[in-house]
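J.: This is the structure, below, for whatever I ask next.
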Amino acid sequence: MNYEQELDKLLETVVTEGASDLHLSEGRYPTIRISRQLIPIVSSTILTHEDIKEFVSLMTGGKKDFDTNSKEIDFSYKFKDKARFRGNAFHQQGSLSIALRFIPKTVRTISDLMLPVELEQFAHKKQGFFLVVGPVGQGKSTTLAAIIESINQERAEHIVTIENPTEYLYEQKKSIIDQREVGIDTESFESGLISALRQDVNVILVGEMRDRETMAAAVTAAETGHLVLSTLHTNNAAQTVDRIIDSFPANQQDQIRIQLSNALAGVLSQRLVPRISGGLIPVFELMITNNAIQNLIREKRTHEINTVIETGSQEGMIDMNRCLAELVQRGEITLEDAYSHSLNPKMLQRLV
């Protein structure tokens, strides 16, 4: 097998078919994911252990053998001038597998992605902490990239991204954009964040809040006059606030509550729902921090945040159930899919 030629053919299939992911596993056909459905490429061949090792070597610059300690490798791979892929190669039951996520070459705008226009206000902010949350594979990185691109197009700022691995590559327009990859350009998210504060930075993008130290550094950066953007694997705004606070020891939680109430600009929770006409359509919950939200965070009443969001549409807040109900009424999604993506189906029932 000509591995370079075969890999190019598989990645070309991802691009032309509009797939989001490519899976390469021993003993299986290469498989792509389109609109959440896994589809084997039966015109290809069933892959062997040697095939996977050669593909890993091609995409990681010659590293055929996985790290003996971690047994997995995170990497990014540029496919000609067409796209990039975020990859993870890993061991499983004595076999090897690769999962590749497609990252388009062009950074799409907020309107291109059908994101709410209310997001533009966060691109205009000079400081604060803004999080995009949701399960894996719901478009969080793409949304953050759209916000960075909005800043890049509109004003001259110094933007530093800290990612693992680097995903979207930005064409520098009005802004200076420095992209740092954990493990290559910086030791960790935390060290990259702390270092950024000495780099005359305006905007910091942190690929993921993975630990307490990174969260603490991000909140501090937002408090000290920077706009900090990041992601968390949480379901909604209230859970996001709780997750951050609960990451700290009990004797530090009162302090982080105060800091977070002052620094947090907003939280967008998003999902990608199957569209009746084909493809996926985003749905959202958007919390915009106001005095009421700040008080709820400080007073340990985060369970009441949902109510503020439900009644805060005049301030630009978006309730996910209302978003789902509107899409059902417009014939964009099925009622069944709306219920399956709702965090409060009883409330949704009243709206549809």
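The numbers here are math on the coordinates, done by the rules we state, and not lab data. Quick caveat, the model's predicted, so the values are computed rather than measured. Cβ atoms come from the backbone with ideal geometry, glycine included; neighbour counts cover every protein chain shown.
J.: Antiparallel versus total DSSP beta bridges in the chain: what percent is that, nearest 5?
T.: 60
J.: Among DSSP beta bridges lying fully in the range 117-318, give the percent that are antiparallel, nearest 5.
T.: Roughly 30 percent of the DSSP beta bridges within the range 117-318 come out antiparallel.
J.: Out of S95, S188, S230, any idea which swings most in a Gaussian network model of the chain, alpha carbons joined below 10 Å?
T.: Most flexible of the set in this elastic network: S95.
J.: Which cross-chain or sequence-distant (5 or more) residues have an amide H under 5 Å from the amide H of L96, H modelled 1.01 Å from N in plane?
T.: Counting only residues 5 or more places away or on other chains, the set is E26.
J.: Another question about this same structure. Hey, can you grab everything whose amide H is under 5 Å from the amide H of I281? Only 5+ residues off in sequence or another chain; H modelled, so Pro and N-termini drop out.
T.: V273, R275
J.: Here is a further query. Work out the charge dipole of the range 276-352 with +1 on the Cβ of Lys and Arg and -1 on the Cβ of Asp and Glu about the Cα centre, then indicate which of Q329, L296, I318 is farthest towards its positive end.
T.: Of the listed residues, the answer is L296.
J.: Report the label-to-label distance for N291 and L38 in nanometres (one decimal), using points 7 Å from each Cα along the Cα→Cβ vector.
T.: Each label point lies 7 Å from its Cα, and together they span 5.3 nm.
J.: Rounded to the nearest 0.05, what FRET efficiency is calculated for E120 and L58 with R0 set to 41 Å and r the Cβ-Cβ distance?
T.: That pair, E120 with L58, gives E of 0.55.
J.: Among I244, I309, G183, flag the residue with its Cα farthest along the positive direction of the charge dipole of the range 117-318, charges on Cβ as +1 for Lys/Arg and -1 for Asp/Glu.
T.: It is I309.
J.: Moving on to the next point. With no solvent and one point on each alpha carbon, what is the Debye value of log10 I(q)/I(0) for the range 117-318 at q = 0.15 Å⁻¹?
T.: For the range 117-318, the Cα-only Debye profile gives -0.91.
J.: OK, next. Please list, ordered by chain and number, the residues whose modelled amide H lies under 5 Å from the amide H of G266; skip anything fewer than 5 residues away on the same chain.
T.: Correct list: F129, L131, T289.
J.: Something else: In the chain, with Lys and Arg counted as +1 and Asp and Glu as -1 at Cβ, which of these residues, A216, L197, H233, has the Cα nearest the positive end of the dipole, that is, farthest along it?
T.: After comparing all options, I get H233.
J.: Ok, one more. Within 10 Å of each candidate Cβ there may be at most 14 other Cβ atoms; applying that plus a DSSP loop requirement, which trypsin sites (Lys or Arg not before Pro) in the range 289-352 survive? Walk me through the numbers on the way to the answer.
T.: Details: sites: R298, K300, R301, R322, R330, K346, R350; in loops: K300, R301, R330.
Answer in residue order: K300, R301, R330.
J.: Against the longest alpha carbon principal axis of the chain, how many degrees, from 0 to 90 and to the nearest 10, is the axis of helix 237-246 turned?
T.: 90
J.: While we're looking at this one, here's another question. Along the range 127-135, what does the Karplus equation 6.51 cos²θ - 1.76 cosθ + 1.60 (θ = phi - 60°) give for ³J(HN,Hα), rounded to whole Hz, x for Gly and Pro?
T.: 8, x, 10, 10, 10, 10, 10, x, x
J.: Compute, for the range 42-172, the length of the dipole vector about the Cα centre, with Cβ point charges of +1 (Lys, Arg) and -1 (Asp, Glu) only. Units Debye, rounded to 20.
T.: For the range 42-172, the charge dipole is close to 60 debye.
J.: Moving on. The range 244-324: which GluC sites (Glu not before Pro) are DSSP loop and have at most 16 other beta-carbon atoms within 10 angstrom? Kindly include the intermediate steps, with their values, before the conclusion.
T.: Working: sites: E285, E299, E304, E310, E315; in loops: E299.
Those that pass, being in a loop and sparsely packed, are E299.
J.: Another question, then. Kindly write out, for the range 78-88 in residue order, the coupling ³J(HN,Hα) from the Karplus curve 6.51 cos²θ - 1.76 cosθ + 1.60 (θ = phi - 60°), rounded to whole Hz, with x marking Gly and Pro.
T.: Using θ = phi - 60°, the values come out as 8, 9, 6, 10, 9, 6, 10, 10, 8, x, 9 Hz.
J.: Another question, if that's okay. Quick check for me: using +1 on Lys/Arg Cβ and -1 on Asp/Glu Cβ, what's the dipole size of the range 117-318 about its Cα centre, in debye to the nearest 20?
T.: Values: 17 positive and 26 negative charges, 61 e Å.
Roughly 300 debye for the range 117-318.
J.: Here is a further query. Go ahead and set up a Gaussian network model of the chain, Cα springs under 10 Å, then flag whichever of V182, V56, V117 fluctuates most.
T.: The residue that fluctuates most here is V117.
J.: Another one. Defining a contact as two alpha carbons under 8 Å apart and six or more residues distant in sequence, what relative contact order in percent does the chain show?
T.: Numbers: 657 pairs, mean separation 42.6, N = 352.
That works out to 12 percent.
J.: Now a separate question. Need one number: nm distance between label points at H158 and R198, each 7 Å from Cα along Cα→Cβ, rounded to one decimal.
T.: Each label point is offset 7 Å from its Cα along the Cβ direction, giving 1.3 nm.
J.: Taking the Cα centre of the chain as origin, work out the dipole magnitude from +1 charges on Lys and Arg Cβ and -1 charges on Asp and Glu Cβ, in debye rounded to 20.
T.: The calculated dipole for the chain is roughly 480 debye.
J.: Let me ask another. From the phi angles alone, apply the Karplus equation (6.51, -1.76, 1.60; θ = phi - 60°) to the range 187-194 and give each ³J(HN,Hα) in whole Hz, x where the residue is Gly or Pro.
T.: Once θ is set to phi - 60°, the couplings for the range 187-194 become 6, 7, 4, 4, 5, x, 5, 4 Hz.
J.: What's the FRET efficiency of Q93 with L335 using the Cβ-Cβ distance as r and R₀ = 35 Å, to the nearest 0.05?
T.: Given R0 = 35 Å and the Cβ-Cβ separation, E is 0.30.
J.: Roughly how many nanometres apart are two label points built 7 Å out from the Cα toward the Cβ at D81 and D178?
T.: 2.9
J.: Pick from E50, E326, E181 the residue whose mean-square fluctuation is largest in a GNM of the chain, springs joining Cα atoms under 10 Å.
T.: E50
J.: Given the convex hull of the Cα atoms of the chain, what is a quarter of its surface area in nm²?
T.: Taking the Cα atoms of the chain, their convex hull projects to 18.9 nm² on average.
J.: Set the bar at 20 Å for Cα to Cα. Now go through K71/K105; K105/K140; K9/K105; K125/K174; K125/K173 and name every pair that lies beyond it.
T.: Distance filter (> 20 Å) returns K71/K105.
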